[in-house]
Structures are given as C-alpha cells and as structure tokens.
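Trainee: Okay, here's the structure, questions in a sec.
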Amino acid sequence: MVAGPWEWGTGFMLSNFGWKAIIGILIANTLYFFAFRSELRDLQKEFSIRLLKEEIAQVHVPRDLVEREWKEATEFVEAREHASEQIEEGVRQFVDEVQKRASAKLIPELEAKGLDPELIREALGRRFDEVALYRLRQQMPSLLPVDQQPEFHDPDWDKREDLVPAWITVTHLGFMAWTIVNSHHAAFFILGFLFFLGFAKVTEEYQNEIKLQPAMLVGFFLASLVIHGGVQGWWIAPVLQSLNAVQLMLGATVLTAFNDNAAITLLATLVPGFTDELKYAVVAGAVTGGGLTVIANAPNPAGQSILKGHFGNAVSPAGLVKAALVPTIICWLCFALL
C-alpha cells in the first residue's frame, strides 16, 4: 500500500482502499487460478519433489555424510589412479608448450632491446607460472596445495542446510529495530548501518551475500525525488488541474508503469486545491498501476533480485506488463466503481 501524501490515517486508507484491493486481488487470483490450472499442477509436482529432496538432505543424506564419503572416494581414486597428478601434469605440459611458442617470438624481440637473455627467460618463466597458477585456481583448484587454493564461495549458500545460530538472528532483529527507531536521525542511522556491515563481515560464514547496489539505487532515486520533486509544480499543476477524476486515475495508473508511484503521489501534492475526489483518484491510480513495473515501490527491486533466477536471470518488463494487465484492469475497476 502506498503511503498517502495527504496525511491520511491508517483507518482511512483501509476503509477506502484496503477492502477494495482485497476484492480485486481475490477476483484476479480466482481468474488466474482457472486459467493456469495445468501450470499450477506442474508446480505442485515440482514442489513435492523439492520437499522430498529437502527431507532426504536433512534426514537421510546430510551434507557432512556427503563430504565424508566424497573425501574418502577422492583419496581412494587418487591413491589408485593418481588422477590429480596426471591432470596437473597435463596442465603443465600445455603451459610449457604455450611458453615455448611465445618465447620463440618474444625472446628475440627483447634481446634486440639489449636485455640479458638469462633475465628474459627467468622473467618469462615466472610469468607463465603465474598464468598456470591462475588457470588452476580458476578451473581445477583442488589440484593445488591447500595454502594456494582460492577461497570457495558457495553459489547456493542461501539454500544452505545448516542452521543459522540463534544469536545471529537476534542480532539482525536488533539492527532492524535500531534502524526503525532511528530512521529520522541520520547520524544514528548511519552509525547502525556501518556497525551492521562490520558485523556481517566478521560473521560472513553465517551471512548471505550483501547486495548493496539495488538498495543504493532505490535510495538515490528517492533522494532525487525529494530534492527535485518540489520544483516540478510549475508544469505538473496545470496538467493535473485540467483532468477530471477518471482521467486523473487513469493517468496515474499509466504513469506508475514508468515511474515510482511515490513520485506520482508526491507530484500530485504540488497541485493546490485538490478535492478529496481527486486525491482519491491519484492514490487509487498509483496503487493500481504498481503491478505493471518493478520500480513501483522500494521493495520491488528486492523482489526482482529474488525471483529473477526463475526468469532467465532477468524479469522482462514487457512480460511483466502482459502478465499484470488483467489484474490491473480488475483492480482499477474495483477502485473506480465500488
């Protein structure tokens, strides 16, 4: 629900928008349920498989058992087949061949500059040792000594099986409470945020990856909205004053598909003499059009980052509009007619 720009209370928002939104959501979901029954059955099958896999992982085949068996199997294979040594030797031979080809061209060029041939060969040898180490660390890190192996970052860490300690969760809740209490006190807010980053770094073995970019982009957007929005009244006021309630609601819905709905409602506050009917039309349109875009609210980019892995690692704006068009029309009619 969008925060109203005209100092409306929670009760007013619920009585004028909440129940209508619920009716629209129920109608749209019922319609989509019957339209996508076969897809929902497929999802139910996939969900059942995932639940069974999680039960197997937690009860029958936990990670420590897999790690233990894997280690024993690796030692057995290496002891019998010397697989690691053979692979490493193959990599070294390949690097040596590349070094010979490059040296045949580079050594004469460098010697022509008056450099010592012995120093040239030594420098080239060290350079190609760095290349070999880089490739091994990138593609076959297990072949390297333990002290040279790169740190492993599990890409599925957010799906981990081991439980996060309770004190980590409690600390996170404490940081959330601190942020809410001090949201209007910049010094304390930033202080808590910096302490949180330090805490997350110290306890990173229990933390998911912190993605600051989406949050920072939303923050810059909202900051620019506050800074620049107040000086847009010279053009937005005449435009909005020329529209009736239906046109205003429709315009707010369409504009929300290309803008943050907070921007729409903020710009509407710059128009003097708005009646309650026109105020309702602006907020109703902004709420209705929120499903057409991923920037309608600050939490939307966070939702996109969570769901994008299920949509080819990106959420298509055109696909989002297509999928949300029918529910948007239903909710628009609920707000306009009820």
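Trainee: Is the range 188-204 home to any residue that is of a type in the set (Val, Ile, Thr), part of a helix (DSSP H, G or I) and loosely packed, with under 11 Cβ neighbours inside 10 Å?
Mentor: Within the range 188-204, one or more residues are of a type in the set (Val, Ile, Thr), part of a helix (DSSP H, G or I) and loosely packed, with under 11 Cβ neighbours inside 10 Å.
Trainee: While we're here: Exactly one of (1) open to solvent by 50 Å² or more (accessible area, probe 1.4 Å); (2) of a type outside the set (S, T, N, Q); (3) modelled with pLDDT under 85 is unmet by Leu333. Its number?
Mentor: Of (1) open to solvent by 50 Å² or more (accessible area, probe 1.4 Å); (2) of a type outside the set (S, T, N, Q); (3) modelled with pLDDT under 85, only one is false for Leu333: (3).
Trainee: I'm told Phe175 meets every condition in (1) open to solvent by less than 50 Å² (accessible area, probe 1.4 Å); (2) in a helix (DSSP H, G or I); (3) modelled with pLDDT under 70 except one. Can you identify the failing condition by its number?
Mentor: (3)
Trainee: Limited to the range 205-215, what total is found for residues that are under 23 Å from Thr171 (Cβ atoms) and either open to solvent by 90 Å² or more (accessible area, probe 1.4 Å) or outside any helix (DSSP H, G or I) (or both)?
Mentor: Residues in the range 205-215 being under 23 Å from Thr171 (Cβ atoms) and either open to solvent by 90 Å² or more (accessible area, probe 1.4 Å) or outside any helix (DSSP H, G or I) (or both): 6 in total.
Trainee: Hey, another quick one. Out of the residues in the range 157-172 meeting the condition of being open to solvent by less than 100 Å² (accessible area, probe 1.4 Å) and among the aliphatic types (A, V, I, L, M), tell me which one is modelled with the lowest pLDDT.
Mentor: Val164
Trainee: Still on this structure: State the number of residues belonging to the range 28-53 that are part of a helix (DSSP H, G or I) and open to solvent by 80 Å² or more (accessible area, probe 1.4 Å).
Mentor: 18
Trainee: What pairs can you find where one residue is in the range 75-104 and closer than 14 Å to Leu133 by Cα, the other is at pLDDT 60 or above and open to solvent by 70 Å² or more (accessible area, probe 1.4 Å), and their Cβ atoms are less than 8 Å apart, with a gap of 6+ or different chains?
Mentor: Between residues of the range 75-104 that are closer than 14 Å to Leu133 by Cα and residues that are at pLDDT 60 or above and open to solvent by 70 Å² or more (accessible area, probe 1.4 Å), the close pairs are Val91/Arg135; Val95/Arg135.
Trainee: Here is a follow-up. So Asp154 passes all but one of these: (1) part of a loop (DSSP other than H, G, I, E, B); (2) at pLDDT 75 or above; (3) within 43 Å of the chain's Cα centre (by Cα). Which condition number does it fail?
Mentor: The failed condition is (2).
Condition check ((1) out of contact with any Ser or Thr (no Cβ under 7 Å at 6 or more places or on another chain); (2) at pLDDT below 70; (3) crowded, with 18+ Cβ neighbours inside 10 Å) across all residues:
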position: Ile227; (1), (2), (3): yes, no, no
position: Thr256; (1), (2), (3): no, no, yes
position: Glu277; (1), (2), (3): yes, no, no
position: Gly285; (1), (2), (3): no, no, yes
position: Pro299; (1), (2), (3): yes, yes, no
position: Gly312; (1), (2), (3): yes, no, no
position: Val321; (1), (2), (3): yes, no, no
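Trainee: Please go through (1) closer than 20 Å to Phe17 by Cα; (2) at pLDDT below 80 for Ala281 and return the number of the only condition it doesn't satisfy.
Mentor: So Ala281 meets the others, but not (2).
The values are calculated or read from the model by the stated rules, or taken from the named source; none is laboratory data. Not measured: the values here are computed from a predicted model. In this analysis, Cβ positions are derived from the backbone assuming ideal geometry, glycine residues included, and neighbour counts consider all displayed protein chains. When the accessible area is computed, the model is the full protein with side chains, heavy atoms only, and any ligands, DNA or RNA have been set aside. Shrake-Rupley method; radii C 1.70, N 1.55, O 1.52, S 1.80 Å.
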